[in-house]
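Note sheet for the following structure.
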Amino acid sequence: MATAQLIRFSIAFGGMIAGLTAFLVIPIPWLAVTAGVLIPLMDFAVAEFVFRRIADRETLRRDLEDRVRNPPP
């Protein structure tokens, strides 16, 4: 189900854009760095939650196989 993967990508990408925007707009340095890091992390968690809720069993199986064969560095 490519729709679940597309939605996961869209949410994660939106989080990265929001984090970058917060980092560039907030004038207080420590707050800008904190917001620039926390916003994408929270959105990645939301993206994974949404993906797990809307993906069918076959998509979840393929995603798990891909993560086992190609672990993140």
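Points to keep in mind about this one:
- Largest first, the extents of the alpha carbon coordinates of the chain on the three principal axes equal 46, 25, 14 Å.
- Computed magnitude of the charge dipole of the chain (debye, nearest 20; Cβ of K, R +1, Cβ of D, E -1): 140 debye
- Charge context of ALA4, other residues only, Cβ under 13 angstrom, K/R +1, D/E -1: +2
- Residues LEU41, LEU60, sorted so that the one with the fewest Cβ neighbours within 10 Å comes first: LEU41, LEU60
- The mean sequence separation of alpha-carbon pairs under 8 Å and at least six residues apart, normalised by the residue count of the stretch 2-69, gives a relative contact order of 39 percent.
- Those chymotrypsin sites (Phe, Trp or Tyr not before Pro) in the stretch 11-44 that DSSP places in a loop and that have at most 12 other beta carbons within 10 Å: none
- Under the simplified labelling scheme, the GLU58-VAL37 pair shows an inter-label distance of 4.2 nm, with each label point 7 Å from Cα along Cα→Cβ.
- FRET efficiency for the pair THR21 and ALA45, taken as 1/(1 + (r/R0)^6) with r the Cβ-Cβ distance and R0 = 25 Å, rounds to 0.85.
- Among ARG61, ARG8, ARG69, the order by Cβ neighbours within 10 angstrom, fewest to most, reads ARG69, ARG61, ARG8.
- Extreme residue, positive dipole direction of the chain, given options THR59, ALA32, ALA4 (C-beta unit charges): THR59
Every number here is computed from the coordinates shown, using simple stated rules; none is lab data. Since the structure is predicted, the reported quantities are computational estimates derived from the model, not experimental observations. Every residue, glycine among them, receives a Cβ derived from its backbone with ideal geometry; neighbour counts consider all protein chains shown.
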